[in-house]
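Since the structure comes first, as structure tokens, the remarks are kept for the end.
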Amino acid sequence: MNDLLEKIPIHSKDYVRGIFENEDILIEIKKNRKTKHGDFSVDKNGNKKITINSDLNPYRFLITLLHELSHFFVFKHSGYGVKPHGIEWKSMFKNILLPVLNDKIFPGEILKPLAVYTINPKASTDSDSELCHALNQFNNVKKNYISELEINSKFFGTNGREYLLNKKLRKRFQCTEIKTKKIYLFNPNAEIKRSYEKK
């Protein structure tokens, strides 16, 4: 529990400690996984577990933890009979998130987009470009995102392939893979590596 509490904002620790009181669930802190920040699972013996990436900044870590705890409580009350991010999860996540939605825990840059996100939370904070951008400003390790590039810039995706940034669409960026000439659309918060950084 102490390792977990060290990962979240100081003024959220008592609240999180209270949530875990008398709950039978295992929390594991994992190495960075590119496809997800965390997850909730139940094994064949009924053991419940949450995993969270170790490299998340304190604010994203807290949001991810509460996201996964919401899955745990929905499962506890409803079992497998509901959609993973359906109305039950949305309602639970709102209820769990609201007590920490204040400026003692989150800086203003995050608080405003987080409040908007909480009205109708999505399956991932990465789906909300404004909130994701705000959270990325507090990353422990500096990362590069496609939204920082200029049009006609070349870059490498997380798959190691090289792309050319063609233009910005309403919500995404249109890019061409250099090798195959195929067109792809990227989320504004897609993590990239600039071409000159690739060795």
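The values are calculated or read from the model by the stated rules, or taken from the named source; none is laboratory data. The shown structure was predicted, so the numbers you read here are calculated from the model rather than taken from an experiment. Positions of Cβ are backbone-derived with ideal geometry, glycine not excepted, and every protein chain shown enters the neighbour counts.
Data for the structure
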{"item": "Residues within segment 69-119 that are touching a strand residue (DSSP E or B) at 6+ places or on another chain (Cβ under 9 Å) and of a type in the set (D, E), tallied", "result": "0"}
{"item": "Single match in L5, L62, L98 (criterion: surrounded by 16 or more Cβ atoms within 10 Å (Cβ to Cβ), hydrophobic (A, V, I, L, M, F, W, C) and under 22 Å from L135 (Cα atoms))", "result": "L62"}
{"item": "Test set (1) among the hydrophobic types (A, V, I, L, M, F, W, C); (2) under 17 Å from the mean Cα position of the chain (by Cα); (3) closer than 24 Å to N47 by Cβ - M92 fails condition number", "result": "(2)"}
{"item": "Residue that is nearest to the chain's Cα centre (by Cα) [pool: residues in segment 169-186 that are under 18 Å from D128 (Cβ atoms) and in a strand (DSSP E or B)]", "result": "F186"}
{"item": "Segments classed as helices (runs of 4 or more DSSP H), wholly inside segment 56-163, with at least 3 members that are among the β-branched types (V, I, T)", "result": "58-78, 108-119"}
{"item": "Number of positions in segment 18-40 that are over 29 Å from K193 (Cβ atoms) and in contact with a Leu (Cβ under 7 Å, 6 or more places away or on another chain)", "result": "2"}
{"item": "Which numbered condition N139 fails, given (1) at pLDDT 90 or above; (2) under 19 Å from S12 (Cα atoms)", "result": "(1)"}
{"item": "Sole residue being touching a helix residue (DSSP H, G or I) at 6+ places or on another chain (Cβ under 6 Å), among the hydroxyl-bearing types (S, T, Y) and at pLDDT 90 or above, chosen from T118, T180, T176, T125", "result": "T118"}
{"item": "Lone unmet requirement of (1) assigned to a loop (DSSP other than H, G, I, E, B); (2) in contact (Cβ under 8 Å) with a residue 60 or more places away in the chain; (3) of a type in the set (D, E, K, R) for K44", "result": "(2)"}
